[in-house]
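Here's the structure we're looking at; comments come further down.
What follows draws every value from the coordinates through simple rules; no lab data is involved. Since the model is a prediction, treat every value here as computed from it, not as a measurement. Virtual Cβ from ideal backbone geometry, glycine too; neighbours counted across all protein chains shown.
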Amino acid sequence: MVKMLLSRYIKRRQLLAKNAFSQRYLVIDLELTGLDSKQHEIVSVAWVVIDNQCIKMSDSQHFINKDVKSLEQSPVFHGISTDSVAQGQSLQSILMSLSAHFSDCILVFHNAMLDWGFLKLALKNAGVTQRPKLIIDTLQIEKKRLLQHTSDIKLDDLTLNECRNRYDLPSYHCHHALTDAQATAELLLAQCHQIGAGKELTLRALV
């Protein structure tokens with residue numbers, strides 16, 4: 001057990017020392033029926049790939065969970081109807097497709113505590129044992145940057161749209177998983193270039 005933990009620690013340290021700009025990232029967004037992973041459900045999952053600073057929309061994926069029991073307010077907020085759900089895929093198959101990227105990609109979320117919390121529980125329930133090598137949270141990156149200038153951070157200051165505004169990124173129609181995944185990918189690249197300021201940037205600076 002100790003040997004395994006030591007090996008993980010060494011691998012993490014080695015990874016954190018690598019150049020952030022040359023990594024392959026999987027930027028993920030979920031649409032949910034609520035905020036409690038024990039009571040609410042995953043409605044849809046989407047991801048886009050960043051490879052060597054290039055957002056590869058040709059590798060993007062968007063899945064709707066056909067197993068969702070109740071859409072709650074999803075038709076209003078996400079535009080997902082019962083017809084869309086009927087044509088979706090099982091959560092098990094979605095998770096298998098997602099976890100296939102864990103070994104070669106660093107996962108990125110905007111608010112990882114929420115989205116990864118849902119995914120981690122879903123993966124456990126589905127018996128999927130693969131785990132990502134690293135998780136990066138654009139919300140936490142922005143929070144850390146803001147705290148360097150002020151201690152007064154309002155909740156709305158860390159929304160995806162507000163974070164993008166600070167980098168002069170265009171506004172997108174939110175509450176669609178694939179659009180939000182793309183928006184988060186663009187935000188990550190903007191943050192990296194701002195933090196790096198033309199110098200080498202290691203992954204350690206992002207976690």
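Would you mind computing Rg(Cα) / (2.2 N^0.38 Å) for region 78-125, counting N as its residues?
Details: Rg = 12.7 Å, N = 48, 2.2 N^0.38 = 9.6 Å.
Expressed relative to 2.2 N^0.38 Å, the Cα Rg reads 1.32.
Just from the alpha-carbon atoms, what are the Rg and Dmax of region 113-207 in angstroms?
Using the Cα atoms of region 113-207, the pair Rg, Dmax is 15.0, 44 Å.
I'd like the distance between the alpha-carbon centres of region 167-207 and region 15-61, rounded to an integer number of Å.
So the separation of the two Cα centres works out to 12 Å.
Quick one, can you get me the convex hull of the C-alpha atoms of the chain expressed as volume per residue in Å³? All intermediate terms of the calculation are to be shown ahead of the outcome.
Values: hull volume 28.7 nm³, N = 207.
Spread over its residues, the Cα hull of the chain gives 139 Å³ apiece.
Taking only Cα atoms of region 161-207, what ratio of Rg to Rh do you get with Rh as the Kirkwood inverse-distance radius?
Numbers: Rg = 11.8 Å, Rh = 11.5 Å.
Radius of gyration relative to Kirkwood radius: 1.03.
Gain in length, Cys54 to Ser90, computed as 0.36 nm per residue apart minus the alpha-carbon separation, to one decimal in nm? Working shown, then result.
Working: separation 36, 0.36 × 36 = 12.96 nm, distance 3.01 nm.
My answer for the length gained is 10.0 nm.
Lys/Arg Cβ at +1, Asp/Glu Cβ at -1, dipole of region 17-206 taken about the Cα centre: which of Gln130, Val43, Ser97 is farthest positive-ward?
The listed residue farthest towards the positive side: Gln130.
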